[in-house]
Amino acid sequence: MNLSRPDRTARLDALAASYVLGTLSRRARSRLAVIARTDTAVSQTLRAWEQRLLPFAESAPPITPSPQVWRRIALRLGLDAVRRSERGPWWARMEFWLVATLARDSRTMVVKTVGGAPVPSDKSLELWMLPDGGAPRSLGVLPATGVARITLPALPDVALANVPALAVSLEQAGGSTTGAPQGPVLYTGKVEKLY
């Protein structure tokens, strides 16, 4: 189906809105993502809906879902579930998730901390790119709660070209001074393209 045709504008708009809201079925979402890679009208409509709805996502107060919800999400995403123990260091028990979004044509990554334990005043959370075959590269210090905006060195297709994952480490206040993670890594996640 050619969604770029003028007589299918309303259909494309409805699909793009559902895609960005996350209400499309997995199959329809995958098909639309494939089409968006080669169809400019589809990718522009998706970007427009992302920009339209982003202020709502940023203004939503953080909530801490139950551990069962996070386990189901991790299983659906194919991530290894983090096994938590009542014993051991506090960072091994920390329920911390990071949501990072980035439009294809923007260098600004919006990072929202979801859940998590309080970060001590003498510590900071730091976001890292984990490039294939290379050393981690810092993207900056994150707030313990709320939303941060991180500027990438280039557009996502260039800056994240060989970066399959991101990580968050616990560092001294202000971040690592060595250019490499010094503290424990609290979270890692895959970089996924949805276009």
Item to complete: Being in the same structural domain as residue 99 (by TED's automatic domain parsing), free of Cβ contacts under 8 Å to residues at least 24 places away in the same chain and under 30 Å from residue 68 (Cβ atoms) narrows it down to one of 143, 164, 120, so name that one.
Response: 120
Fill in: Output for the stretch 152-167, where each listed residue is part of a strand (DSSP E or B) and surrounded by 19 or more Cβ atoms within 10 Å (Cβ to Cβ)
166
Worksheet item: Has the stretch 179-195 got at least one residue that is assigned by TED's automatic domain parsing to the domain that holds residue 103, touching a residue at least 24 places away in the same chain (Cβ under 8 Å) and in contact with a Lys or Arg (Cβ under 6 Å, 6 or more places away or on another chain)?
Response: no
Response to the item:
Apart from one, (1) assigned to a strand (DSSP E or B); (2) open to solvent by 30 Å² or more (accessible area, probe 1.4 Å); (3) modelled with pLDDT under 90 all hold for residue 170; the odd one out is (2)
Practice prompt. Filter the stretch 175-190 down to residues that are loosely packed, with under 15 Cβ neighbours inside 10 Å and closer than 23 Å to residue 107 by Cβ, then give me how many there are.
Written response: 2
Response to the item:
Taking the stretch 8-46 and keeping residues touching a helix residue (DSSP H, G or I) at 6+ places or on another chain (Cβ under 8 Å), outside any helix (DSSP H, G or I) and open to solvent by 60 Å² or more (accessible area, probe 1.4 Å) leaves none
Item to complete: Take residue 138 and decide whether it is of a type outside the set (A, V, I, L, M), open to solvent by 50 Å² or more (accessible area, probe 1.4 Å), modelled with pLDDT of 90 or more and part of a strand (DSSP E or B).
Response: yes
Worksheet entry | Flag if residue 15 is closer than 20 Å to residue 57 by Cβ and not acidic (Asp, Glu) | yes
Item to complete: With respect to residue 86, determine if the residue is among the acidic types (Asp, Glu) and at pLDDT below 50.
Response: yes
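The values are calculated or read from the model by the stated rules, or taken from the named source; none is laboratory data. Treat the numbers as computed from the prediction; the structure is a model and nothing was measured. Neighbour counts are summed over all protein chains in view; Cβ atoms, including those assigned to glycine, are modelled from backbone coordinates with ideal geometry. The accessibility values were calculated without ligands, DNA or RNA, using every heavy atom of the protein model including side chains. Shrake-Rupley method; radii C 1.70, N 1.55, O 1.52, S 1.80 Å.
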